[in-house]
Structure formats: structure tokens, C-alpha cells
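The next block holds one structure in the form of C-alpha cells; read it before the comments.
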Amino acid sequence: MHIRTLIEEKLLICPQCSEENLSLEADAAKCNACHQKYSLANDKIHFVVHEESPTHDSLDKIKTFFKKYPKLYGLLKDTVSPLYLKNDIGNFLRQNGGDKKVTVNLGSGNFAVAKNVFNLDLIAYDNVDIVSNLEKLPFKNDSVDLLIINSVLEHVPNPGVVVLEMERILRPGGKIFASVPFICGFHASPYDYTRWTREGVKVLFKDFQMEDLRPEGGPTSALLWVFQEWFATLFSFGSRTLFNLNYLLIMLLTWPFKYFDIFMRRLPTAHHIHSCFIFIGEKKAT
Ligand SMILES: [Zn+2]
């Protein structure tokens, strides 16, 4: 499905005035209520113009560089990163017929998780289809079947507002796949604000019918991330360059330990220090 189809089927709204009154022009979508125009080219629509703030964190600069090559970045994430992660998004989409539905990946970054998924992000990366603020989503009420929000809510200043927006645009019976962090280091991409315990995740998504709440990265992932930061900081002696070198060194030396999580994540007390959680839930019928 294309962005133009979303507009023709009246699934998108004007985020400025919330009216369901967008019409298509050659290179834009125009709101007939407030007359705001949104540029639309190569099947990508810009609801906001966001200048990416300069990143001063040098590890973040390295990450930003690799994010231009999503496949390579994904491979590095699967190997040398301290997190034991599984590709549960693919399963979620398969189990819920994601290829035939209106599915939106919120805060997608430059990753295309699957075909037929609309990627929405504040930053206009190549793979982003809808450039938008997450606190004011350009979808009308009850218009989306499936929502993905993967390691994003810690990076927005008002996660509760984003969750309310998710509930608003999801149709009753529609499902969300969310992953949120608990124990992990500060990671500015470009901002980082908060964390959730398992109980905190239940409160965050209390308006959804919970289907599953399980660990993503387990206790070893959490320990590794914190240990690597600790090691890099201790032997940095205050030097940023040494910190970065230490970090790369200790990552390369310790990443295989994360596979302890294959069995550790199932232990009953493991959630005390899980690295992150996955929540799957359904919008209740009203
Ligand atoms: Zn408008």
C-alpha cells in the first residue's frame, strides 16, 4: 500500500488541525480545513521538518554512521552488541497477517522490518515513509490494524502521550508490539529519558488487553551493557578517546557471554534485572 492510497482511503488526518480532510496534489497533500500543505514525493510524506540535532557523543556518531547501512547495523547488533535479541517482530507480523493490514512502525529509524509496513519517524531517513512527531500521529481514530514500537518510548519526552496516541489510532481488536528497556546504559539516539520495570510496563499499557509480557534482552544482556560502560569509564582516566577505545575492546571481548540469556531469561527472578521487555496487547472494544 502507498501513502497516496492512505490519503485516498481517508486514513490520514492533518496533524495541525486534526481534520480528516486531506486532498492529493502533484507533490503534496493539502489540508482543506487549515490549508496546510505537506510535501509528498517518492511516496514519502513530511508532516514535520526536523533538523537532526548534532550528536556530540562519539559512540553515537559511530552508530549514526552504521545506521546508514541498516543491514550491516543489524548484523553488528546481532553479534557484538551486548544484547541477546530475537527477531520477534517478524513472528508478530506473521501471526497477525501483517502483510494484508495497515501496519505502522513508530520511531522506525532507518529499518524496514518488513514490506507493507509504513515506517514513521521524526527523522526523514531513506526508509521512512511518514515523517511525523510521535505525540501527534497523522492517522485518524481506529484506522490502524497493527502497531510496532521497538525501543523507542525511552527516547520521547512524554511516552504516556505517545501510548494514548497509539490507542487512539488503533482499531478495536488491533494489536501492538512494544519493546521497552529496563536495565541498560544511557544511549542518546539522540535523546534518552526513562526506563520501565515489568510492573511499570503493565501500567504504561494498562488500557490494552495484555496478550504477552516477556523479556527481550535478559539479565546477562543487562549486566554486560552496564559492565562494558563501567570498564570503559574506569580505564578512561577522563579521556573520551580512551573511553571509546576501551568500550570497543571490551565489547569485542565479552559479547559472547550474552548467550547465557538463552536459559537465564526464563528463570523466575530474572525479571528483576532484565535488559528490556516485550509487551503484546490488543485494543479493547469500546
Ligand atoms: Zn489542517
Of those in the range 6-35 that are assigned to a loop (DSSP other than H, G, I, E, B) and touching a residue at least 24 places away in the same chain (Cβ under 8 Å), the residue surrounded by the fewest Cβ atoms within 10 Å (Cβ to Cβ) is 10
Residues being on the phi > 0 side of the Ramachandran plot and polar (S, T, N, Q): count how many of those fall in the range 9-26. 1
Would you say residue 204 is surrounded by 14 or more Cβ atoms within 10 Å (Cβ to Cβ), of a type in the set (A, V, I, L, M), in contact with a helix residue (DSSP H, G or I) (Cβ under 8 Å, 6 or more places away or on another chain) and over 26 Å from residue 228 (Cα atoms)? yes
Some residue of the range 123-145 being surrounded by fewer than 22 Cβ atoms within 10 Å (Cβ to Cβ) and within 17 Å of residue 83 (Cβ to Cβ): no
When you scan the range 149-181, how many residues do you find that are crowded, with 16+ Cβ neighbours inside 10 Å, in contact (Cβ under 8 Å) with a residue 40 or more places away in the chain and out of contact with any strand residue (DSSP E or B) (no Cβ under 8 Å at 6 or more places or on another chain)? 4
Is it the case that residue 90 is more than 19 Å from residue 155 (Cβ to Cβ) and either modelled with pLDDT of 90 or more or among the hydrophobic types (A, V, I, L, M, F, W, C) (or both)? yes
Return the residues of the range 253-272 that are within 16 Å of residue 82 (Cα to Cα) and buried (at least 16 other Cβ atoms within 10 Å of the Cβ); say none if nothing qualifies. 254, 255, 258, 260, 261, 264, 265
Flagged in the range 261-280 as assigned to a helix (DSSP H, G or I) and farther than 8 Å from residue 218 by Cβ, in numbering order, are 262, 263, 271, 272, 273
Would you be able to tell me the number of residues in the range 2-37 that are of a type in the set (S, T, N, Q), farther than 25 Å from residue 101 by Cα and more than 13 Å from the ligand (Cβ to nearest atom)? 0
Of 73, 38, which residue is in a strand (DSSP E or B) and surrounded by 15 or more Cβ atoms within 10 Å (Cβ to Cβ)? 38
Would you tally the residues in the range 1-53 being over 14 Å from residue 139 (Cα atoms) and among the charged types (D, E, K, R)? 8
Residues located in the range 231-244, provided they are surrounded by 14 or more Cβ atoms within 10 Å (Cβ to Cβ) and assigned to a helix (DSSP H, G or I): 231, 232, 233, 242, 243, 244
Among residues belonging to the range 41-53 that are in a loop (DSSP other than H, G, I, E, B) and more than 15 Å from the ligand (Cβ to nearest atom), point out the one that is surrounded by the most Cβ atoms within 10 Å (Cβ to Cβ). 50
Count, please, the residues in the range 83-108 that happen to be more than 11 Å from residue 216 (Cα to Cα) and over 14 Å from the mean Cα position of the chain (by Cα). 13
Any residue in the range 115-135 that's free of Cβ contacts under 8 Å to residues at least 40 places away in the same chain: show its pairings with residues that are hydroxyl-bearing (Ser, Thr, Tyr) and surrounded by 19 or more Cβ atoms within 10 Å (Cβ to Cβ) at Cβ separation under 7 Å, as long as the two are six or more apart or on different chains. 117/103; 119/108; 120/108; 120/132; 121/108
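The values are calculated or read from the model by the stated rules, or taken from the named source; none is laboratory data. In this text the structure is predicted, and so the values were computed from the model without any measurement. Cβ: placed from backbone, ideal geometry, glycine included. Neighbour counts: every protein chain shown.
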